[in-house]
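Below: the structure, in structure tokens.
The values are calculated or read from the model by the stated rules, or taken from the named source; none is laboratory data. As the structure is a prediction and not an experimental result, all values here were calculated from the model. Cβ placement follows ideal geometry from the backbone for every residue including glycine, while neighbour counts extend to all protein chains displayed.
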Amino acid sequence: MINLRGAIKSSLFRNIVALYAVQICRKVIPIASIPYLTRVLGPTTWGTMSFVLTSVTFVIIFVEFGFGISATREIASNRDSTEARADVVAGVLGLQVLLFITGMTVLLLAAPHLPLLHNNQALLSAGLFYAVSQCFAPIWFFQGMEWMRSASALEISGKVISLGGLLLFVHSPGDAWLALALQGIPSLLQTAVGIWLIYREVPFRLPSVPLMRQTLVRGWTMFVFRNSVHLYTGANVFILGLFAKPEYVGYYAAAERINSALLGLLNPIQEAFFPRLNNLISHSPERAAKLARLGATVTAVLGILLPIAVIIAAPYLVAVLAGRAFAPAIEVLRILALMMPFAALTASIAGQWLLPMRKDNVVTAVMLAGGILNVTVACLLAPRFAHLGMASAAVISESFVGLTMIWALSRFTLWRTMGLLGIFTQADDPVAAQRQDHASADEPRPRARRPSPTPADVEVGW
């Protein structure tokens, strides 16, 4: 029997509520800003701005380096050690400075060879400023400490300020650069406040080469993971922009933004459960398994219901959120809706099972294969079918990743489908494998004393 009153009062529930407040803000703000921008800018300028934004996102992802997972995990595992957390902060921020310099240099060298960047210098400059504002956001620390309410308050205030600036100052296609810059200003302030709050919690420490090397090694697999995900999600606008006219990029970008906003309904579950699972898995694998099953069930239900609603409501969503000029985006949105169940599978299996069990290599290999498949299929379909071909490539790659996640989990564990149904014993518990991982890890992690193995443990060979 679930203690409903206790669940509501729990910090996990409050974190989920805070993160849903952020997600609602992330969706409500686009509901107000996207219809305004698409109507003011038109398909061509909207497509060009989306291409620029996607290009600078490569730098943002490069600098983020997967710390949203790897650093969150380290902070969550070392909540009781101020010195350990100070080391994590110093290593992450120091390495991010080096990554930022490298990423910006590469983008500036590539810009003259990309017409949509080279011919729109004002947009490119605003995009670079936006990248600066996003690269050093320390959300990983707040998630690791489960300070979701503080992080939520910072992000919500920034989104509201950004929306106000768009409505006040962006009035024509020539103001597209201003739309990007206005989104960057609140983000820069959020980052500054976030870092200030961190150094109220941990002592300031200059980054050292050993700390940055350790951070690099620890986050490497998650860097490959994040970039692999980006290859079959965020990079699609960029790929389409290499083959199609800006207006077709605009149609696809509008549909993708709507689809991403709806998929974002899954994010609070993942973001709230991930640090809690990492904290529980070191001392209470049984509780971690129960919590993972709960998160997987909720995610699966949303993943089934969302695409049905989107396919039915696509004409209304596009008409309201983008405008009549974006009517070709209706079919794109319907195609993209088919990826939602597979995205839910991926989020559930990776975020609530494999990553908390520290099976980073398994997740990274699947994501990398999906990213390579997406780029390959997109390069075949986009030149011939433009926005519709790009949407089809996204669905193909997402379905491949989701189904491969199921296969990887069933191959990795002995419980197979019984675990998905919640029918497994302690001996079959896949999270129990984490106890062996702790014993063989290269770096020490705080953990509870491991109990003596049972006969079942020996039989299955954990």
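Considering SER172, SER133, which residue is among the hydroxyl-bearing types (Ser, Thr, Tyr) and buried (at least 21 other Cβ atoms within 10 Å of the Cβ)?
SER133
Which is assigned to a helix (DSSP H, G or I), over 27 Å from ASP80 (Cα atoms), under 18 Å from the mean Cα position of the chain (by Cα) and in the same structural domain as THR102 (by TED's automatic domain parsing), of SER157, SER133, SER162?
Among SER157, SER133, SER162, only SER133 is assigned to a helix (DSSP H, G or I), over 27 Å from ASP80 (Cα atoms), under 18 Å from the mean Cα position of the chain (by Cα) and in the same structural domain as THR102 (by TED's automatic domain parsing).
Looking at VAL193, VAL209, VAL170, VAL202, which is the one that is over 24 Å from GLY370 (Cα atoms), in contact with a Lys or Arg (Cβ under 6 Å, 6 or more places away or on another chain) and not basic (Lys, Arg)?
Going through VAL193, VAL209, VAL170, VAL202 in turn, the sole match is VAL202.
Looking at (1) within 30 Å of ALA325 (Cβ to Cβ); (2) in a helix (DSSP H, G or I); (3) in contact (Cβ under 8 Å) with a residue 40 or more places away in the chain, which is the only condition SER260 fails?
Unmet for SER260, out of (1) within 30 Å of ALA325 (Cβ to Cβ); (2) in a helix (DSSP H, G or I); (3) in contact (Cβ under 8 Å) with a residue 40 or more places away in the chain: (3).
State all residues of segment 35-77 that are aromatic (Phe, Trp, Tyr) and in a helix (DSSP H, G or I); if no residue qualifies, say none.
Passing the criteria: TYR36, TRP46, PHE51, PHE58, PHE62, PHE67.
Conditions (1) assigned to a helix (DSSP H, G or I); (2) surrounded by fewer than 19 Cβ atoms within 10 Å (Cβ to Cβ); (3) in contact (Cβ under 8 Å) with a residue 60 or more places away in the chain, marked per residue:
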| site | (1), (2), (3) |
| --- | --- |
| ALA300 | yes, yes, no |
| LEU305 | yes, yes, no |
| VAL310 | yes, no, no |
| ALA313 | yes, yes, no |
| TYR316 | yes, yes, no |
| VAL320 | yes, yes, yes |
| ALA325 | yes, yes, yes |
| ARG334 | yes, no, no |
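Which is under 30 Å from VAL52 (Cβ atoms) and not assigned by TED's automatic domain parsing to the domain that holds MET340, of GLY144, GLY184?
GLY184
Going through segment 204-219 one residue at a time, which ones are of a type in the set (A, V, I, L, M, F, W, C), in contact (Cβ under 8 Å) with a residue 12 or more places away in the chain and under 17 Å from GLU64 (Cα atoms)?
Matches in segment 204-219: LEU211, MET212, LEU216.
Would you point out which residue out of LEU166, LEU240 is in contact with a His (Cβ under 8 Å, 6 or more places away or on another chain) and buried (at least 16 other Cβ atoms within 10 Å of the Cβ)?
After ruling out the rest, the residue left standing is LEU240.
On the basis of being out of contact with any Leu (no Cβ under 6 Å at 6 or more places or on another chain), assigned to a helix (DSSP H, G or I), at pLDDT below 60 and not aliphatic (A, V, I, L, M), does GLN436 make the cut?
Answer is yes for this residue.
Any residue that is under 23 Å from the mean Cα position of the chain (by Cα), at pLDDT 50 or above and under 29 Å from THR299 (Cα atoms) - is there at least one of those in segment 408-425?
Yes: segment 408-425 contains one or more residues that are under 23 Å from the mean Cα position of the chain (by Cα), at pLDDT 50 or above and under 29 Å from THR299 (Cα atoms).
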